[in-house]
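Participant: My questions all concern the structure below.
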Amino acid sequence: MRDAVIIGVGMHKFGRYPDKGYADLAEVAIRNALNDAGVPWKDVQALYAGSALAGPTSANNICGRMGLSGIPVYNIEAYCASGGVALRLAAEAVATGLLDMAVAVGCEKQERGFIPVLNQPQWATVQGLEVMPCTGPALEAQVYMETYGVTREQLAKVSVKDRKNAALTPYSHYSSGDLTVEEVLNAPMICDPLTMYMMGPPSDGAAAAVVCSRRQARKYSSKTPVVIAAAVHGSDKFSPLEDVYHELRHRVSYQAYEKAGCGPEDLNFAQLHNPVASMEFICSENVGLCGPGEGARIFDEGRTLLSGDIPVCTDGGFLGRGNCPGASTLAYVAESVWQLRGEAGPRQIKDPKLGLICHGGYGHHAVGIILKK
Amino acid sequence: MPLNGARRKQVSIDENVLALPDAPSEAPHLLGSKCRACGAVFFPQQHTCQKCFSSALDKVKLSRRGRVYSCTVFRHHRRPPGYKGPLPYLFGQVELPEGAGVLTLFTDCSFDQPLKRGTEVELLVERFGEDEAGNDVMTFKFRPVQSK
Ligand SMILES: [Zn+2]
């Protein structure tokens, strides 16, 4: 196996674009990534396109925007992990020598409001038992807060911190970082304990990465290649109630550490799945940044701020940058590449060398990706 | 044949999930699967044991009482996609003595705050709506057990 590296990343700003379709968004992200990499589309040997909702042949439509070059095109769905699975497959193809140059893209175009959950039993849907992104995370938050004595104020502070990070990120849904704890607590209650501002806004957007071998990287770009030290994907197992979701996020992140030859203590940042505020604490425990029930403590100590020793969600994640299912993992990849290259502008953290992305996909999928300089 | 004004026929929201009683003296039950190999119990029914992957599963009637594992109240004014009931609503997970978890609506309790974890709850059957043939569609919910 050889190293697969990222030599270019690009995004379409997250937000609401009533006049654009998913292919419009994906095209912008791919063109930005190819420009960043200095790679012409004709040199791309495969396209891995992830989206939760775009549906059959959407990857072909995206390919058509770039030019029908006849390459293999993969249409990938893994809900919020779709873009991460696209990156994993691209990285695997390059690492095994099957391909020298691939593009992974994730995109989403959504209706306003809740995210449709398909393929649930009818009896659950009509009774409102599976509503994305709030019912499962709200129940998880209720149990978590009672078990560890975490307060709503602590959750509100996560939203405030992530809005601040997002305000420093040009591609984010929210451009203002003025949100206060009181505003978060007084926002309409969606599902106890989660108010509207403890949930990421549904966003349209796209993100892309150009993946190649080291030799190719030298040919095209003088920028520091970012090594994909691990890109692990797993699906759900049967778990007792207290382990649902936790087991999967823990499993993929620890498999990623093993593959990359590192541990959580070696990370300089972590980009975690935070569609709701409580998940930022829970996920930081699942990936081993701290022990069970300590997520709120390391947050309160300031350790997960941009100025802390383990910054979390440096671009604001779902709560600030936006909840754009198919694009969200690759948005974290793009942000991580900018951080590792020292190109993150006002939100740049101090000299990072190694970072983790841990991202779920509606409880059925999770990816653990480790990037290093 | 029932005469005009006789009780309308009741049908289950899903016959593989909720078994309505054949006779008024019997109780309704949720249906699950029990693995013959490892004994694990699942709700809803499974084709394969999700613990040991054996395909030898028996259909079982599940306990009618359990404890609240988690509970929340959906309070948003916007109706979730596909949801057919009233707003707001309480829902959550009930842990049954067999070890299975049931995602369910709760009823007969206040909307002011979610049920406390560990509250003892029991199954009941309520009318959910009407199907195209004019039958009453019945669903399951759980409610707190009244203290004696
Ligand atoms: Zn079994």
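Participant: What percent do you get for the relative contact order of chain A when only Cα pairs under 8 Å and 6+ apart count?
Facilitator: Working: 927 pairs, mean separation 96.5, N = 373.
The normalised contact order for chain A reaches 26 percent.
Participant: Sort A:SER203, B:SER12, A:SER235 by Cβ crowding within 10 Å, fewest neighbours at the top.
Facilitator: A:SER235, B:SER12, A:SER203
Participant: Rank the residues B:THR107, A:THR195 as a footprinting-exposure proxy: fewest other Cβ atoms within 10 Å of their Cβ go first.
Facilitator: Least to most surrounded, the residues fall as B:THR107, A:THR195.
Participant: Scanning chain A for helices, which whole DSSP H stretches are 24 Å or more long along the axis (Cα) and average -1.0 or more by Kyte-Doolittle?
Facilitator: Answer set is A:325-341.
Participant: Tell me which residues come under 5 Å, amide H to amide H, from A:ILE76 once H is placed; ignore anything under 5 positions away on its chain.
Facilitator: Placed amide hydrogens put A:ALA49, A:GLY50, A:SER51 under 5 Å from A:ILE76.
Participant: Give, rounded to the nearest 20 debye, the magnitude of the charge dipole that the protein assembly as shown has about its Cα centre when Lys and Arg contribute +1 at Cβ and Asp and Glu contribute -1 at Cβ.
Facilitator: So the dipole magnitude of the protein assembly as shown works out to roughly 780 debye.
Participant: Can you give the Rg/Rh ratio of region A:1-122, where Rg is from the C-alpha atoms and Rh is the Kirkwood radius?
Facilitator: Working: Rg = 14.6 Å, Rh = 14.9 Å.
On the Cα set of region A:1-122, Rg over Rh gives 0.98.
Participant: Over all residues in A:185-193, what is the mean tally of Cβ atoms on other chains that come within 10 Å of each residue's Cβ?
Facilitator: 4
Participant: Show me, bin by bin at 20 Å from 0, the whole-percent P(r) of the protein assembly as shown based on Cα pairs.
Facilitator: 23, 51, 23, 3, 0
Participant: Which one, A:SER307, A:ALA90, A:GLY368, projects farthest toward the positive side of the charge dipole computed for the protein assembly as shown from Cβ point charges (K/R +1, D/E -1)?
Facilitator: A:ALA90
Participant: Where in region A:76-95 is the amide nitrogen less than 14 Å from a point lying 7 Å along the Cα-to-Cβ axis of A:GLN255?
Facilitator: A:85-86, A:88-89, A:92
Participant: What fraction of the Cα pairs in region B:10-144, stated in percent, has a spacing above 20 angstrom? Mind showing how you got there, number by number?
Facilitator: Working: 4678 of 9045 pairs.
Roughly 52 percent, rounded to a whole number.
Participant: Among rounded, prolate and oblate, which fits region A:113-189 when a ≥ b ≥ c are the square roots of the eigenvalues of its C-alpha gyration tensor, a/c under 1.5 means rounded, and a/b larger than b/c means prolate?
Facilitator: oblate
Participant: Please list A:303-315, A:343-355, A:215-227 highest first by mean number of surrounding beta-carbon atoms within 10 Å per residue. Numbers along the way, then the final one.
Facilitator: Values: A:303-315: 21.4, A:343-355: 16.0, A:215-227: 17.8.
Going from most to least packed, we get A:303-315, A:215-227, A:343-355.
Participant: Taking the Cα atoms of region A:264-322, what is the range of coordinates along each of the three principal axes, in descending order and whole Å?
Facilitator: That works out to 27, 22, 19 Å along the principal axes.
Participant: Taking a ≥ b ≥ c as the square roots of the eigenvalues of the Cα gyration tensor of region A:193-309, is the shape rounded (a/c under 1.5), prolate (a/b larger than b/c) or oblate?
Facilitator: prolate
Participant: Here is a follow-up. Please compare each pair in A:LYS42/A:LYS223; A:LYS219/A:LYS350; A:LYS237/A:LYS259; A:LYS259/A:LYS353; B:LYS59/B:LYS141 to a cut-off of 26 Å on the Cα-Cα distance and tell me which ones are over it.
Facilitator: Numbers: A:LYS42/A:LYS223 21 Å; A:LYS219/A:LYS350 29 Å; A:LYS237/A:LYS259 21 Å; A:LYS259/A:LYS353 17 Å; B:LYS59/B:LYS141 21 Å.
In this structure, A:LYS219/A:LYS350 exceed 26 Å between Cα atoms.
Participant: May I pose another question? Give me A:LEU340, B:LEU20, A:LEU99 ranked fewest to most by other Cβ atoms within 10 Å of their Cβ, as a rough exposure proxy. Please list the in-between numbers first.
Facilitator: Details: A:LEU340 25, B:LEU20 16, A:LEU99 21.
The most exposed by this proxy come first: B:LEU20, A:LEU99, A:LEU340.
Participant: I've got another one for you. Taking amide H atoms as placed 1.01 Å from N in the peptide plane, list the residues 5 or more away in sequence, or in a different chain, whose amide H sits under 5 Å from that of A:GLY128.
Facilitator: Correct list: B:LYS84.
Participant: Next question, about the same structure. Percent of alpha carbon pairs in region A:17-83 separated by more than 21 Å?
Facilitator: Values: 452 of 2211 pairs.
Summing the P(r) tail past 21 Å for region A:17-83 gives 20 percent.
Participant: Here is a further query. Compute from the Cα atoms of region A:143-231 the Rg and the Dmax, the latter being the longest Cα-Cα distance, and quote both in angstrom.
Facilitator: 19.2, 55
Participant: Scan region A:75-154 for GluC sites (Glu not before Pro) in coil per DSSP, keeping those whose Cβ has at most 11 other Cβ atoms within 10 Å, and list them by number.
Facilitator: A:GLU111
Participant: Still on this model: Under a straight-distance cross-link criterion of Cα-Cα below 17 Å, which aspartates and glutamates are reachable from A:LYS20, leaving out those fewer than 8 residues away in the same chain?
Facilitator: A:GLU108, A:GLU111, A:ASP204
Participant: Considering the alpha-carbon set of region B:88-146 alone, what are its Rg and its Dmax in angstrom?
Facilitator: 13.0, 40
Quick note: the coordinates plus some simple rules give every number you see, no bench work behind them. Everything numeric here is computed off the predicted structure, so don't read it as measured data. Methodologically, a virtual Cβ is constructed for each residue, glycine included, from the backbone with ideal geometry; neighbour enumeration extends over all protein chains shown.
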